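Contents: one structure, followed by commentary.
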Amino acid sequence: MKKKLLSVILSTAMIASVLSGCGGNGGGTATTPATDDAAPAADAAPAEDAAPAEDAAPADDAAPAASGDKFYIYSWNTELQERLAYVFAANPGMEDRVEYVNVGDSGIYQERIDQLLQAPDAQDYPDMIAFEAAYIMKYTNSDQTLDIKELGLTDADLGEMYPYTLTVPTDKRNGAIKGLSWQACPGSFMYRTDLAESLLGVTSPEEMQAKISTWDDFVATAHEIKEKSGDATRILSSNGDIAEVFRSNMENPWVDDNGVFRMDPIMEQYMDMVKTLEQEDLTQKTSTWTDEWNAGPSTDSVFGYFGCTWFLHWTIKANCGGSAVGEGTYGLWNMCQGPMPYYWGGTWLGATAGCSDKELAGQIMKGLCCDTEIMTKMSSETLDYVNNKTAMQTLSDQGAGAYDFLGGQDFIAVFSPLADNVDVSFMSAYDQKVNDLLGTQITEYSLGNKDKETAIADFKAAVAEAYPSLTFE
């Protein structure tokens, strides 16, 4: 079997150390594809249930385990590693056991994990893995991951979490929760306050919300911005900037429990909205995540962006052209909900079926995702919107949410009610691939290369080719 467990003496010392500290987060100018342009992860098709890996064998009395035995945690960047540092600081000795593996590329991450999960005897077999929302169900709806109850977590440990963050990692086959997240990612509309005042006469988030409370209002306001700016400013940079808003408002998943594929009516509305933005020249027609798109927050060419908690700090602020009020557009932003509530992304952490130390896995998850003291400190120092209601309320009450980048607006107070109202009943293991296929057809429709009926028919044909076992209505 994989790595053997530590000796009884080392394990006892580790457990004592952990228990003593336990208190309870990323072109072209002709047009924009309607799907995100971030590097796509591997196919998110539901994997056939893999046989659960055999539990790590207990150490053989005749061959004590080596003290160098490592506990492997995999992710695709350094974000999780940086957050785990808060858990390690509260639990001396824990870090010595952990080997953090940064694959370094989200595009190949799933492929790497899938290969590793097929080799449970390997020294570097993953004990824990990070998942993104786009493909988490591929792993949690299988026997490759463990119920958090097997790791020692209880319902009481989950009491401060936003409900949707528990729905996402729930195994639909049996109701088991297979992962936890330390963050919540509700979305908002982030806009330039100086442009809002000069072009629209808007001086507050409440007034801005009234201007874009429906998609009809949004389009009307987009025309007003374009006209009053003398054709210099557009309400959005990319036609694809609305993608996550519509995807989050599907009432039904792409594929139901019986394997029947359906196109939610709101996705047709999404197609029409992208075509309106394209044909009426209401965006800068950049491609998301390109250099041109990233440059938007530092210029007057883009009025606003749809973005979530992490987007605020690491996309808008990072590209505003300054680091303090008075530099670039720093301090000239506010937020409101926009036409629809939505959420965008997030990262979960789960234990694999072959996890060599379930107790350690449970302690890591509890510290990272459940410990109010650790999470409060983490949020105050990193600006993460953490998945802990008490932590966020405490910070807001202390004034920590008043953000100079937002002209003093309390970003916590804006995001909190939005996080409470996130509904993820639409999610399925098919989302990543199906959304990508739809984006291709939306681009064709928005450019006028296909009529709507043809684009939808071609979309369904592409889905059928990708997933031959599905039934289509």
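Residue by residue through the stretch 298-314, which ³J(HN,Hα) values in whole Hz follow from phi under the Karplus form 6.51 cos²θ - 1.76 cosθ + 1.60 (θ = phi - 60°), with glycine and proline marked x?
Result, rounded to whole Hz: 9, 10, 8, 7, 10, 7, x, 9, 8, x, 10, 4, 5, 4, 4, 7, 9.
Compare the peptides 76-85, 406-415 by average per-residue count of other Cβ atoms within 10 angstrom and give them in order, highest first.
On the way: 76-85: 17.8, 406-415: 19.6.
The packing order, highest mean first, is 406-415, 76-85.
Using modelled amide H (1.01 Å from N, peptide plane; none on Pro or chain starts), what sits under 5 Å from the amide H of E99, excluding residues fewer than 5 places away?
F71, Y72, I73
Could you size up the charge dipole of the chain around its Cα centre, putting +1 on the beta carbon of Lys and Arg and -1 on that of Asp and Glu, and report it in debye to the nearest 20? Working shown, then result.
Values: 30 positive and 72 negative charges, 83 e Å.
Once rounded to the nearest 20, the dipole reads 400 debye.
Across the stretch 316-321, in residue order, what do the Karplus-derived ³J(HN,Hα) couplings come to in whole Hz, using 6.51 cos²θ - 1.76 cosθ + 1.60 with θ = phi - 60° and x for Gly and Pro?
Calculated HN-Hα couplings, in order: 5, 4, 5, 10, 7, x Hz.
Sort 107-119, 240-252 by the packing proxy (mean of other Cβ within 10 Å over each peptide's residues), most packed first. If you can, show how the numbers build up before the last one.
Values: 107-119: 17.2, 240-252: 21.0.
Top of the packing list down: 240-252, 107-119.
What distance in nm lies between label points placed 7 Å from Cα along the C-beta direction at D256 and A210?
That separation, rounded to one decimal, is 4.3 nm.
Determine the gain in length on full extension of the stretch D420-D217; use 0.36 nm per residue of separation and subtract their C-alpha separation, reporting nm with one decimal.
Length difference between fully extended and current span is 70.6 nm.
For a quick size check, give me the Cα extents of the stretch 313-439 along its three principal axes, largest first, whole Å.
53, 43, 27
For E197 and S301, what does the FRET efficiency come to when R0 = 22 Å and r is the distance between their Cβ atoms, rounded to the nearest 0.05?
Values: r = 17 Å, r/R0 = 0.79.
Taking R0 as 22 Å, the efficiency between E197 and S301 is 0.80.
Applying 1/(1 + (r/R0)^6) with R0 = 45 Å to the Cβ-Cβ distance of S380 and A122, what FRET efficiency is obtained, to the nearest 0.05?
Working: r = 39 Å, r/R0 = 0.87.
The value I calculate is 0.70.
Considering only the chain, what is the antiparallel percent among its DSSP beta bridges, to the nearest 5? Kindly include the intermediate steps, with their values, before the conclusion.
On the way: 23 of 34 bridges.
Roughly 70 percent of the DSSP beta bridges within the chain come out antiparallel.
Give the Debye-formula value of log10 I(q)/I(0) at each listed q (0.08, 0.12 Å⁻¹), with one equal scatterer per alpha carbon of the chain, two decimals each.
Summing over Cα pairs of the chain leads to -0.50, -1.07.
Please give the Cα centre distance for the stretch 304-321 versus the stretch 368-426, rounded to the nearest Å.
Rounded to whole Å, the Cα centres lie 16 Å apart.
What order do you get for 435-444, 97-106 when each peptide is scored by the mean count of other beta carbon atoms within 10 Å, highest first? Before the final figure, lay out the partial values.
Details: 435-444: 21.1, 97-106: 16.6.
Taking the mean over residues of other Cβ atoms within 10 Å, the ranking is 435-444, 97-106.
Note down the net charge around G326, summing +1 for each Lys or Arg and -1 for each Asp or Glu among other residues with Cβ under 13 Å from its Cβ. Please list the in-between numbers first.
On the way: positive: none; negative: D194, E327, D404.
It works out to a net charge of -3.
Which net charge results when you count Lys and Arg as +1 and Asp and Glu as -1 among the other residues whose beta-carbon is under 12 Å from that of I412? Walk me through the numbers before you get to the answer.
Details: positive: K389; negative: D384, D397, D410.
Within the 12 Å Cβ shell, the charges total -2.
Read-outs: derived from the displayed coordinates by stated rules, not from any lab. Since we're looking at a predicted model, the values are computed, not measured. For neighbour counting, all protein chains shown are included, and Cβ atoms are generated from backbone atoms with ideal geometry for every residue, glycine included.
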